[in-house]
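This report concerns only the one structure given below.
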Amino acid sequence: MEYEIIVVGAGHAGCEAALASARKGHQTLLITGNINNVADMPCNPSIGGSAKGIVVREIDALGGEMGKNADKSLLQIKMLNGSKGPAVRALRAQADKITYPKNMLKTLKETSNLTIYEGIVADVLTDNNKVTGVSLETGEIFKSQIVILTTGTYLNSDILVGSTRRREGPHGEKPSNKLSDNLAKKGFIIKRLKTGTPPRIAKDSIDFSETKLEPGDDKYYTFSFDNKVYYDVDKQEPCYLIYTTEKTHKIIMDNLNKSSMYGGLDDIKGIGPRYCPSIEDKVTRFRDKLRHQLFLEPESLYYDDIYIQGFSTSMPYEVQEEMVHSLPGLKKAKILKYAYAIEYDAIYPTQMKASLESKVLENLYTAGQINGTSGYEEAAGQGLIAGINASLKLEGKEPLILKRNESYIGVLIDDLITKGIKDPYRLLTSRAEYRLLLRSDNADLRLREYGYKVGLVSEEDYQKLLTKKKGINDLIEELKTFKVTPKDNDYLESINTVPLKDGISLYNLLKRPEVDIKQIKRYLIHDYEEAILNEVNTEVKYEGYIKKDNLEAEKMLEMENKKIPEDIDYDKIHNLASEAKEKLKEVRPSSLGQALRISGVNPADISILMIYLKKENY
Amino acid sequence: MSTIAAISTAQGVGAISIIRVSGEDAFNIVEKIFTNKKFKDAPSHTIHYGYIVDNGEKIDEVLVTKMCAPKTFTTEDTVEINAHGGINTTNKILELLLTNGCELASPGEFTKRAFLNGRIDLTEAEGIMDLINSKTPEASKMALNQVTGKVSNLIKDLRDDLASIIANIEVNIDYPEYEDIEEMTISKINEKLGVLKEKINKILKQSNTGELLKTGIKTVIIGRPNVGKSSILNRLVGEEKAIVTAVQGTTRDSVEATIVIGNIILNLIDTAGIRETEDLVESIGVDKSLKLIDEADLVLFVVNYNEKLTAEDKKILNKLNGKNYITVVNKTDLDKNIDEEELQNKVYVSALKDDNIEKIGDEVKKLFNLEQIETADLTYLTGARNKAILNKVLKSVSDVENGIKNNYPIDMVEIDLRNIWNLLGEITGEVYEEELLDELFSRFCVGK
């Protein structure tokens, strides 16, 4: 059977890639090790979070699935950073580990042009450095024009607990033992990474009186812009906050050499994520800190597992027992699943282009943890872009490359291909230079147009976007046209703002920090939906800051437009510092803007590069 | 890149002159014209005695320094030829180098290469230019401090302060659920901002003083007619620049002169006497001199020891309110009639007898706190670019204050904090700006 696109792996990246490709009308094959384990959440039972929550909104705006699927599977949802500015607000949800994969599988099955097949891929077939299909460990062969690898943590994965190492994927799944080595043979640079997960305990063995309740927000939220609500705000599952104790720390220090990562195993090559350290890391690196915060999070309505967020470890089972029982409320806790660390192979991400197509093999795309990222959202974002760009390539069209001032997904991909990685990459708001432009609320205004153009956003949803845009313009126009005068002073004083001497426009009234648009609504002739009111509130109030960000972004784009020819020979530029030369040869940036972001390439190197480009008349 | 050569010492008659060669062919080219054959295989950073020869003809007896890449100023192979000075000999050696394959260095090219090769940062590059152009020991000391990166360190400290605040805000944003992490609040930023502002103001103030030291203090001599302004100028300058006469209103044109008292440069502007006059030509001079009070960094206000203060004197005194000025009480060779109570920063002189004139210099140092600077560790920022950036920094500081006042969310206020951090990076060259380089290097003079 011949397919147009084969997606290898059905995690969060693979599902998005396969759906995008199939929805764009391409015959797609999705190969997974276990069909009942698609869109699996082997780690946190949560979707979203700071920056990541915005990525989910972006995926939805572009026509991806993660937001919709999360909405259908919520246990609890919160708006983070509500007390801070609109730029850094983001949704974080507890998602049901049973429902989420089930809903995703249903969607996959209902999508036409999409076939799911169980198997483990052993090799990517090529002809003249161009992909022609894949072969399975069983020897079966599937032909295709394009292959997208979304293998997650399954490449040569080892589960590490104490002094034991087992060749296994997450929760006992079959790993892929051949693909990674075969990729290395084809010229890929393979990097060993590591991550970990905490123990799960039985809910009914916890003494909740010693914990602090962490409920969801008292308000309805959805990730998706279609605003369909599937949960009851009053029936959300709570999380609980506890802290490690001195006793916990003593147990860890006393047994440190038994942890896989601290001497239990002496052959560990994988580098763990800085942003998600194990409890051993936390205790040893911050010795003066007397306690560390942990969250008890529900995993599902359909079973009793509680996830101890912040407590990932690779200690042997008996030490884990001791550690867990030293925690408040968990004296008698029953461990249902022990914590483990996992080592896996990834491809060094500077080997791909901004389209996520490989520089090593034509028509091969990679997305998710194989590119060195961590996180479901980061994976899904890449998967969607890989699916879109693979399809566009089939269609003979230019790839969709999101810019740093347009989306967190753009920031993520640019960081990966420009800076490479040392440890698993996590998105942070601080990675985005123009985050006031990259808000949760305006993801549709930023990206829906792209989603429509590539054919993943329906005509109906696109019309909704146009209506919203028009509403925003109309509202701003109205605010500028109509005035409040000293006659309104009674009301103004009642909302605690300074009374007027002369009339001012509603627009200028809204600029006052203490005035919210909802308090101005009474002066408006037309009705506007809440999303429009909020959007305009932000745009008017923070106009000055938004302008600054836009100005900075323009400067960046100018450097971005100075292209570096693909065939440039860096060895011919004699005066480049050798570190810079190596980095430039590795990354092969497409523009001076990208070159400038490479660590190890300093401004002096850029000016030498500029002089060279000018001299060579590029 | 080509191998470049230039005369590095000032053109003119001096005890020695240095010709510098930099580039990958530096050693090969020098070998062709140098008699000492040990030079070829000599280790780096060694000095060699011998003659520069042109087809066997001895041009000069020289010491040649060999310095191998990368531990040189440009990071390229470098040779310095210490010759015996004299324009003709030095030029002849340079010519020889050029005919043997060197290219003549364009203005600032050594420094440009040092910068492009990553050897020095922008501040240091500017510092070197100041060093080349400096006129007094203080100014060159100041420039030297920049070369060794002291200004960079000052700025880097400030950036570190900012980075810690920014990082704290970032952590709060990215890990909002962690209650154990200190929350950076508006009021905490407000507190830290005070310290920050103090540091920025200190740098700015020092940069102003630094500027004065480097380019000289624009000084105006002012006084009503016939108190001896021109005589004082002449005594300071030591030559007959202005016309000195006892007839009122003869000094009509502003005459400029640069003088060095101690280590301080004064750019003196003589003025027409200030008095109410019907004379058209004279009144132009008067208007101009009144205007000059505003433009000047320093006013030397001359009064007559022999006379009581007149209404005109008092009018000038009024105008001097808030300015840096020194009262020069002239004509101490005559009887004292002056009432001195209202006068400040007094220096008693007699221009006629050339008595006490040098004390004016001491008073200037006192006024500008320059006495301290002579001995202090000099870290001053100079250069129009840096000052412009520092002013932008101040603007951003006020944006931060404004944001705090308006109760904007902390992540918005952070935008301006980040902006300050970026701007400070521009001073040390850690943020890249294309036009910056063009501007910087067009200002370099030949050689180093």
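Its relative contact order, with pairs defined as Cα atoms under 8 Å and 6+ residues apart, puts chain A at 17 percent. Projected area of region B:4-105, taken from the Cα convex hull and averaged over every viewing direction, in nm²? Average of the hull's projected areas for region B:4-105 equals 5.7 nm². Counting only residues at least eight positions apart within a chain, or on another chain, the lysines with an alpha carbon under 23 Å from that of B:LYS66 are B:LYS32, B:LYS37, B:LYS38, B:LYS40, B:LYS58, B:LYS92, B:LYS112, B:LYS448. Counting Cβ atoms of other protein chains within 10 Å of each residue's Cβ and taking the mean over peptide A:541-548 gives 4. For region A:494-533, the set of trypsin sites (Lys or Arg not before Pro) satisfying both a DSSP loop assignment and a count of at most 12 other C-beta atoms within 10 Å is given as A:LYS501. Taking other residues whose beta carbon is less than 10 angstrom from the beta carbon of A:MET79, and scoring Lys, Arg as +1 and Asp, Glu as -1, yields +3. Per residue, the average separation of C-alpha pairs within less than 8 Å and at least 6 apart gives region A:462-530 a relative contact order of 30 percent. Peptide B:394-407 has a mean shielding of 1, counted as Cβ atoms of other protein chains within 10 Å of each residue's Cβ.
Highest mean packing first, where packing is the average number of other Cβ atoms within 10 Å per residue, the peptides B:358-364, B:176-182 line up as B:358-364, B:176-182. Rounded, prolate or oblate for chain A? Axes are the square roots of the Cα gyration tensor eigenvalues, ordered a ≥ b ≥ c, and the cut-off for rounded is a/c under 1.5. In terms of gyration-tensor shape, oblate.
About the Cα centre of chain A, how large is the charge dipole given +1 on each Lys and Arg Cβ and -1 on each Asp and Glu Cβ? Please answer in debye to the nearest 20. Its charge dipole is roughly 1040 debye.
Counting only other chain Cβ atoms within 10 Å of each residue's Cβ, the peptide A:85-91 averages 5.
Residue order for B:HIS84, A:HIS574, fewest other beta carbons within 10 angstrom first, comes to A:HIS574, B:HIS84.
When only Cα pairs below 8 angstrom with a gap of at least 6 residues are kept, region A:326-480 shows a relative contact order of 19 percent.
For B:LYS37, neighbours were defined as the other residues whose beta-carbon sits under 15 Å from its Cβ, and their charges (Lys and Arg +1, Asp and Glu -1) total +2. Less than 11 Å from a label point 7 Å out along the Cα-to-Cβ axis of A:ASN473: which backbone N atoms in region A:521-551 qualify, by residue? Output list for this probe position: empty.
Taking amide H positions as modeled 1.01 Å from N, with prolines and chain starts lacking one, the residues under 5 Å from B:ASP54 and 5 or more places away or on another chain are B:ILE59. Packing-based ranking of A:72-79, A:536-543, A:555-562 yields A:72-79, A:536-543, A:555-562, ordered from highest to lowest mean Cβ neighbour count within 10 Å.
Taking the DSSP beta bridges in chain A as the whole, what percent of them are antiparallel, to the nearest 5? The antiparallel proportion sits near 70 percent.
Bear in mind these aren't lab numbers, they're just calculated from the coordinates by the rules spelled out. As the structure is a computational prediction, the values presented were derived from the model and not from experiment. Cβ: placed from backbone, ideal geometry, glycine included. Neighbour counts: every protein chain shown.
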